[in-house]
Amino acid sequence: MSEPVAKPKSSAALVQSRRNALRSYLGAYGFMAPAGVLVIIFFLIPVAIVLYLSVTNLASSNFTSDLAKMEFIGLKNYQTLLNDQFARKIFFNTIFYVLVTLSLFNVSLALIVSLLTTHIDRSAGFVFRALWILPRITSPVVYILIWKRMMAEAPFGILNQFNEFLGQPTYNYVATNPWVFVVVVNGFIGVSFGMIIFTSAIESIPKDLLNASLVDGSSRMQRIRYVILPLIRWPLLFVVTYQTLSLLTSFVEIQLLTDGGPGLYRTEVWSLTAYHRALSNYFGNAQWGYGSAFAVLLVMIGVVLAVIYMRVFRFDELVAEPRVEAL
Amino acid sequence: MIRKLCLTMLFALLLGLLAGLAVAQDSVSITVRCKASPPEEDWRCNNFAEVEAEVEADLGIDIDLNLIQDNAGWGDYKNEFVLASEAGEAPDIILSGHEDIGAWAPAGFIIPLDDVIPMHSEFDDIVPSLWDSHGYAGQIWGIPQDAEARPIFYSKLLLRDLGWSEDDIESLPERVAAGEWTFADMLATAEAAIDEGVIDAGNGWWHRPSNGPDFLYYYFGHGGEVLDMEGNLVVDSDALVATYELLGGAVASGVMRSDIIGVDWNEVWHPTVAQADTVLFAAGGTWNWPNWAINYVADKGGDEFLFENIGLTLIPAMATGNAITLTHPLTYMISSGSENPDVALALIAAITTPEHNNKHAIDSFHLGILNAQLESEAYANNRLLSSAHYMLDHTTALPNHPGWNAWSNAYFLGIQAVETGEADAAGAADIAIAQMQNELGDGIMVR
């Protein structure tokens, strides 16, 4: 008995099939185009420009916006950067700042606040979450001014005025423990982002799952450990990734609070150095080219970290078609 | 009839347009950007409004004057001018520190003024030494707006507590100027005040809490130079080490607090020094005085309180044996993008008179820039200005050089290192020199 032979597609069907495939591709790319254009204009082109600036000696003393007129100096800025006696210190400051702020506040405290406020009265939870959002929506200048007023040395600081009133010794808090305040000040801002994501994720867990765990006799802690946390895994990983990259590039609060000091770059982070070099200098003659070299390395670190996170956390699974659909 | 009427109207309209064009051709727009702290420094910009009509009458033109005064940080202020220049939107006149000539002249953002300065006799009377800080590459690039001295403020109140007589206190500026009372004496006095409980440790001497021009006079005071005869950047390692020994030693002996760098200017530094009851010696600038009188001790009597409790003197002699100070003149520069540089210069010339500069000098306690100001009644009768003008005879200035910011940032790193105890004086000098060499390469000579 002969094998059934597949009926060859007619040429018209083939053309139609190709058309459908093309339409499908065009549709997909069409939907992505607006976002793609934004990424090109606001990320890829600026990165390319900064990359180019980093191989020039552009400064206030020879400033031009004409790329063709800038003096190409190859990798000299990178050589200067690598020979800088404080580059290593600033790099490890950055790692320390990101790791500590991320782990203590942007993820852990955000998760704790979310869990607590979703396990109390709904309106009370809303009020507490609204309070935690205040640092995020307050202007950085005002926010840091409040911290400075609170922590200033005696007799100016509010906390030290309490100390004096109580007969306790006074402290110059920020100068003595600059990292504590850099992390806390930034952490309080960072909590709100994770808190919103985690809260919405917890609120969206089907109530029957939560009730079922209680019916099965789990305690609240067990329900958090074995039901809630596994179900908010993806939001958790997203917050870790996003906030890592966000902290890497944030410097405004540090600039306003300590400006990288006290002493020799004690709280200086990489992005603040790029700003100091390229955009802000008491005596003028900002080093745009040299500052761009710092910025390029920051972009490279960010891209590498993003790729590592996507691989380690298997983000492809997050965006994959649900298995029930694939059956 | 109607046709005639239409033609007449059209003719009248054309005449009107032509007349309007003629007027418009004589109207020039001048934008002036001034960095000034209100209210005491308002005259930096407002003086232009005072002379606008006079210059209009002299030149026979209508000036559309646009004054922009702000009090932004120096870094932002300077960057704005650089970006505006490149965008073709720079103001006609920019007021900034004279050291910006070192960056803006080679960039082509400002114009040289040698050929046009002689056209205005007002400039003939400018104190000759002030022109030194306005040169670059053999040309003059700006007109001095003001001068100042950066003195040591001393608390008369605390010196009295220490047992000084009124004669001792009032004669201190003279003794300092003569080189009789030196920096070592100042430190010894501060130590004595701490030992006797007049002040707390760390409050014997405060310098400024952030990078700035003042720090250079300690280096100059130890014989250091920033530029050689050919105008190249140099660093004298011996002077550098000696400077860091002085600063580190003051911290080690308890005269100065180790965290003075980083203290908030407005929240801590000014309010503390102005009260005169906490800090014995403070290195500041003459313009601090009206700021204190208005913002910090107005309730105690303002000027009168300050005269009663605070005095000012030159920086006492260090290794060179000469008392010094540093002047950081602000400078009116004319943008290369200005379409009417002659009008801009005429406006600057019109305010470079004793009458106009005195208003700024008196309100802001900046020193005069004209010889005639010294002879003017308003200036001579001003107790503050007359007590400080002699400091211009002892002054130094920053260099105008594109590499100055790298030099000064490295120098400041050494100061931070030695004051926080992260390095001794020799180590701090090594840090500073290594930083200079890394960033300036062949552009710095270590001596």
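Just one of the listed residues (A:ASP84, A:ASP66) is closer than 23 Å to A:ASN285 by Cα and surrounded by 14 or more Cβ atoms within 10 Å (Cβ to Cβ), namely A:ASP84. Of everything listed in (1) away from chain B (no Cβ under 14 Å); (2) out of contact with any Phe, Trp or Tyr (no Cβ under 7 Å at 6 or more places or on another chain); (3) within 27 Å of A:TYR265 (Cβ to Cβ), the single unmet condition for A:VAL185 is (2).
The residue of segment B:316-353 that is farthest from B:ALA57 (Cα to Cα), among those that are of a type in the set (A, V, I, L, M) and assigned to a loop (DSSP other than H, G, I, E, B), is B:ALA319. Selection of segment B:413-436 for residues being assigned to a helix (DSSP H, G or I) and facing chain A (nearest Cβ under 9 Å) yields B:LEU413, B:GLN416, B:ALA417, B:GLU419, B:ILE431, B:ALA434, B:GLN435. Contact annotation: residue pairs with Cβ atoms under 8 Å, 6 or more positions apart or on different chains, pairing a residue in segment B:94-115 that is more than 8 Å from every other protein chain (Cβ to nearest Cβ) with a partner that is among the charged types (D, E, K, R) and outside any loop (DSSP other than H, G, I, E, B), are B:ILE94/B:ARG33; B:LEU95/B:ARG33; B:LEU95/B:LYS35; B:LEU95/B:ARG44.
Selection of segment A:43-80 for residues being among the aromatic types (Phe, Trp, Tyr), more than 23 Å from B:LYS78 (Cβ to Cβ) and within 14 Å of another protein chain (Cβ to nearest Cβ) yields only A:TYR78. Just one of the listed residues (B:GLY262, B:GLY248) is modelled with pLDDT of 95 or more and within 14 Å of chain A (Cβ to nearest Cβ), and it is B:GLY248. Of the helices (runs of 4 or more DSSP H) that lie entirely inside segment A:237-327, those containing 3 or more residues that are buried (at least 23 other Cβ atoms within 10 Å of the Cβ) span A:270-279, A:288-312. Scanning segment A:169-179 for residues that are at pLDDT 90 or above and away from every other protein chain (no Cβ under 12 Å) yields a count of 1. Scanning segment A:147-163 for residues that are in contact with an Asp or Glu (Cβ under 8 Å, 6 or more places away or on another chain) and closer than 17 Å to A:TRP179 by Cα turns up A:LYS148, A:ALA152. For segment B:268-284, does any single residue satisfy the condition of being part of a helix (DSSP H, G or I), in the same structural domain as B:GLU191 (by TED's automatic domain parsing) and either in contact with a His (Cβ under 8 Å, 6 or more places away or on another chain) or of a type in the set (Ser, Thr, Tyr) (or both)? So far as segment B:268-284 goes, yes, one or more of its residues are part of a helix (DSSP H, G or I), in the same structural domain as B:GLU191 (by TED's automatic domain parsing) and either in contact with a His (Cβ under 8 Å, 6 or more places away or on another chain) or of a type in the set (Ser, Thr, Tyr) (or both). Checking each residue in segment B:273-295 for being among the hydroxyl-bearing types (Ser, Thr, Tyr) and either at pLDDT 95 or above or surrounded by fewer than 20 Cβ atoms within 10 Å (Cβ to Cβ) (or both) picks out only B:THR278. For segment A:78-148, the helices (runs of 4 or more DSSP H) that sit wholly inside it and include 1 or more residues that are within 30 Å of B:LEU440 (Cα to Cα) and among the hydrophobic types (A, V, I, L, M, F, W, C) are A:87-101.
Checked against (1) within 22 Å of B:GLU308 (Cα to Cα); (2) assigned to a helix (DSSP H, G or I), B:GLU245 passes all but a single condition, namely (1). Considering the conditions (1) within 12 Å of another protein chain (Cβ to nearest Cβ); (2) in contact with a Leu (Cβ under 6 Å, 6 or more places away or on another chain), B:ASN405 is excluded by exactly one of them, (2).
The values are calculated or read from the model by the stated rules, or taken from the named source; none is laboratory data. Just so it is clear, the model here is predicted, and its values are computed rather than measured. Neighbour counts run over all protein chains shown; Cβ positions are idealised from the backbone, glycine included.
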